[in-house]
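The values are calculated or read from the model by the stated rules, or taken from the named source; none is laboratory data. Remember, it's a predicted structure, so these values are computed and weren't measured experimentally. Every residue, glycine among them, receives a Cβ derived from its backbone with ideal geometry; neighbour counts consider all protein chains shown. We work out accessible area using only protein heavy atoms, side chains counted, and drop any ligands, DNA or RNA first. Shrake-Rupley method; radii C 1.70, N 1.55, O 1.52, S 1.80 Å.
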Amino acid sequence: MLLLCFCTTAKAQSVSKLQQKADDAFKKMAYVEAIETYQDILTKDKSLTVEQSNNIQLKLAEAYYLVKDFENAERIFSLVLKESPLLKGDELKAYLKYAQVLTSNGKRQEAAVQWKKYNDLQEQDRRAENFLKLYPNLDALTRNSSSYMLEYIGINTSSADFSPTYYADGLVFVSGRPKNSAIKRVFSWDNSSFLDLYFLEDIKLISPKSEAASVSTSQSGNQDSNKKSVRSKLGSDYYTPPTANDAQTIAHQGSDFINGSKNYEETASVETRSFSKNLNSKYHEGPCAFFDKNTKIIFTRNSLSGPGIFGNKKDEINRLHLYIAEKKEKDWGNIKEFPYNSSEYSTGHPTVSKDDKVLYFVSDMPGGFGGTDIYLSKYKNGAWSPPQNLGGSVNTQGNEMFPFVDDSGNLYFSSDVHPGLGDLDIFYIDIDQSTFMPNGKIRNLGAPLNSNRDDFGIITDGDRSSGYFSSNRKRGGSDDDIYRFTRNGTKYGCRDLIVSFKNQATGEAIAATSFQYTNIEKPAISESATTNNNGSIKLCLPADNEYYFYLNSDKFLPVKKFYSNKDASDFEPSILEILLEPIQAVIPENKDKSSENEPELKRVLIQKRDNTNLKIFKGVISGGENNEPVGGVKIRFINKCTGQVQEKYSKKDGSYEFDRDPECDYELVAIKDDFATSFELIEKSYDKKLFGKKVKVKSNASLTGSLFDTKLYKVGDVVKLDNIYYNSDEYKIKGLIALELDKLVGVLERYPNMIIEIYSHTDTRGNAQDNMLLSQRRALEVENYLVKKGISRSRIKAIGKGETQPVNNCSDGVQCTEAEHQRNRRTEFKILQIEKI
């Protein structure tokens, strides 16, 4: 009995020591050692309680997760989480990591279950929501894959090779290839070699020579140009085996290829060399950037001072820091620390703007959003400014890293939380060049630049026509490789839009509605479509464009609707709801006797005439309540015959000028922040003497001048209608009043969602109560006139102001001329809404 107790106690102590050893290794980030020890415990000790076993398996699964052995991570997570253990606090992140692992293994349906479970359990962490929205429409990130060609380049080895950057005539990149040293040093995280900077002196050595390394190559490496598909199935290339469930994502075969678990050798076919003896140390050197005409470098390195893994205290972490060095005659020297390094956090992954004014980098410093965030620092007066976080539009609760700023000053980066195909995906966002902060919507680059493995470290030009990036898609784990890409199609493909039509009066969907739409940049090309029985249709429109939607029907009033997908989601369909107003017969009232002999009035455009040159179109943009000229307005002049687009900005005095073909209709589009976009149809004009012929045209011949004034509107504007002056005690509309109201009809037709208030005023003579009643009659008369012209009454509110708001000093008791009194007898409209809310 004593012997038995002794043996049991000894065994328990042995297991306890093993677990302490494993936990210590995990805490020190020696994950390979931790994996071996946790596995040893689970194999040898059959007396573990369920709770003890679950805790060890969760640690083991996370260790596999951290070394990117996702096949084994999935196996262990599945074993422990299928029992629905009682987890709390940070332990709940096991569901998050399990979802990420399943995503990377191409099992998105199973991943969606875990994403939802994590979303339900963690009310404060909403990062799962976007992944759940993406999965039903994952095709949105893969359908543009044919726009890019990838090539596996000859500087790769069986070790990590990643994060290239341009330098001189070649590339500097990071590599973990073994050094020519008698002592082999490995990184305890995953037993990989320490990283150094390497240099390919001439980038021409890896220029495209054949298609042997392209995505469309067969698995044996043999070309088959006759069978080459325009759009290759993802995962069909020789370096990307299919996923476990043959999903439409790029993947690898699993953990057989994790460092040290299978013999695999690959040597570079193109010669490179160590970049610098002075910069490369015995530990990590990582991503770098060059600036000041390539005479300075800022690079990532392990801190070589203070306690840490390589210092005196074994349980502390050696941070990554940024260092700056200067080019000397034979090597780099004068190495100095970035002034905002700290022993409390890491800094790394630098990129510098083309003008050397802004540095973007990665840090896990306190006060961020999550794991690692992206920061900026400005170079002013010979010093770097304090770091500024890029904010929540870029940074998340996860990890954002590997930033790159292109020639246009815009930002690429990788993230494991913004929704994507799995693991790290590469994203893009515009940068405001005045603040250097993010501006606009984040874009996932999609396949094939992204896969369901790590994709990061991109460098490219301002138009993303070609470049390089890094990925571990070939073998997984820490075997990162560098790929070249060439874009031969659009950047983003198309974005989904659901168009629906409803009856404005009843709110009911209108089935089988036929309509047309055009790309504003290509107005000569018109597409047609018809909605389903539910009154809707799903379109996929080329991204980053603006469109007009048109409907002409014998049952509804004509509609022209503007739509832009420049800010639309990558994977959530946008919704465009178009309300149609039924055509109703309007019985005209009898004409006043006073107007019987007047000529019939026709609607005209607001324009001035200058017939001296029909081949030049001039105009002035005005806006606001005082109708003042507006400068800086973007104006597009679109030839409806050819589709050619001229684009200019109005001058300070609001003026602009375009070349014009008098035989073609044009569309004039005026765009300005805080104002509603103005759309005008400029009809063709003919001069008999010039063309020697007489042609019937749609518009009135007197309206074909070439000097055109455009008015921009914004909510809150109070606009006085010219020439609406009533005789005393009159309220009927006739003569010039009707002509001016037709211009208002034109405005309301151009802006079908505009809602206005009509204000009518009297002079101050007579009884105030009578004047209020008279002004209300005048306002109602205007409202009725607009309704007869086809404007919905729901868009108009008539208000009589009486004598309460004179525009001059003609108040009660003040003698004024008749002309001064007439100025007060006026009509205005105030804009309450322009676009549908």
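Leu421 falls short on exactly one of the conditions (1) more than 28 Å from Ala99 (Cα to Cα); (2) assigned to a loop (DSSP other than H, G, I, E, B), and that condition is (1). Can you tell me which residue among Asp454, Asp432 is of a type in the set (Asp, Glu) and in contact (Cβ under 8 Å) with a residue 12 or more places away in the chain? Of Asp454, Asp432, the one residue that is of a type in the set (Asp, Glu) and in contact (Cβ under 8 Å) with a residue 12 or more places away in the chain is Asp454. Here segment 808-837 is the region considered, the condition is being under 13 Å from Ile758 (Cα atoms) and basic (Lys, Arg), and the residue that is most open to solvent (accessible area, probe 1.4 Å) is Lys830. As for segment 447-468, it holds at least one residue that is polar (S, T, N, Q) and closer than 25 Å to Leu390 by Cα.
Among the residues of segment 665-683, those identified as within 24 Å of the chain's Cα centre (by Cα) and at pLDDT below 80 are Asp673, Asp674, Phe675, Ala676, Thr677. Restricting attention to segment 638-664, the residues being open to solvent by 40 Å² or more (accessible area, probe 1.4 Å), more than 14 Å from Ile621 (Cβ to Cβ) and part of a loop (DSSP other than H, G, I, E, B) number 6.
Here segment 787-807 is the region considered, the condition is being hydrophobic (A, V, I, L, M, F, W, C) and in a strand (DSSP E or B), and the residue that is most open to solvent (accessible area, probe 1.4 Å) is Ile799.
When restricted to residues that are of a type in the set (D, E, K, R), open to solvent by 30 Å² or more (accessible area, probe 1.4 Å) and over 16 Å from the mean Cα position of the chain (by Cα), segment 427-467 contains 1. Put simply, of Lys788, Lys743, Lys734, Lys830 the only residue that is modelled with pLDDT under 80 and basic (Lys, Arg) is Lys734. Only one entry in Ser363, Ser385, Ser393 is of a type in the set (Ser, Thr, Tyr) and closer than 16 Å to Ile431 by Cβ, namely Ser393. Tallying residues that are free of Cβ contacts under 8 Å to residues at least 40 places away in the same chain and outside any loop (DSSP other than H, G, I, E, B) within segment 665-676 yields 1.
Which ones in segment 514-536 are farther than 22 Å from Tyr751 by Cβ and open to solvent by less than 40 Å² (accessible area, probe 1.4 Å)? Across segment 514-536, the qualifying residues are Ala529, Thr531, Gly535, Ser536. Here Val559 meets each of (1) under 26 Å from Pro136 (Cα atoms); (2) open to solvent by less than 30 Å² (accessible area, probe 1.4 Å) with one exception, condition (1). Any idea which of Ser163, Ser145 is open to solvent by less than 40 Å² (accessible area, probe 1.4 Å) and at positive phi? Only one candidate qualifies: Ser163. Applying the condition of being surrounded by 20 or more Cβ atoms within 10 Å (Cβ to Cβ) and more than 24 Å from the chain's Cα centre (by Cα) to segment 113-128 and asking which residue is nearest to Asn395 (Cα to Cα) yields Tyr118. Only residues that are touching a strand residue (DSSP E or B) at 6+ places or on another chain (Cβ under 8 Å) and buried (at least 20 other Cβ atoms within 10 Å of the Cβ) were counted across segment 761-782, and they come to 8.
Would you be able to tell me the number of residues in segment 60-76 that are over 37 Å from the mean Cα position of the chain (by Cα) and either in contact (Cβ under 8 Å) with a residue 60 or more places away in the chain or open to solvent by 10 Å² or more (accessible area, probe 1.4 Å) (or both)? Can you show your working first?
Of segment 60-76, the ones over 37 Å from the mean Cα position of the chain (by Cα) are 60.
Now narrow it down to the ones that are either in contact (Cβ under 8 Å) with a residue 60 or more places away in the chain or open to solvent by 10 Å² or more (accessible area, probe 1.4 Å) (or both): none.
Within segment 60-76, residues that are over 37 Å from the mean Cα position of the chain (by Cα) and either in contact (Cβ under 8 Å) with a residue 60 or more places away in the chain or open to solvent by 10 Å² or more (accessible area, probe 1.4 Å) (or both) number 0.
All of Asp355, Asp364 fail the test of being modelled with pLDDT under 95, within 30 Å of Asp125 (Cβ to Cβ) and either open to solvent by 50 Å² or more (accessible area, probe 1.4 Å) or of a type in the set (Lys, Arg) (or both), apart from Asp364.
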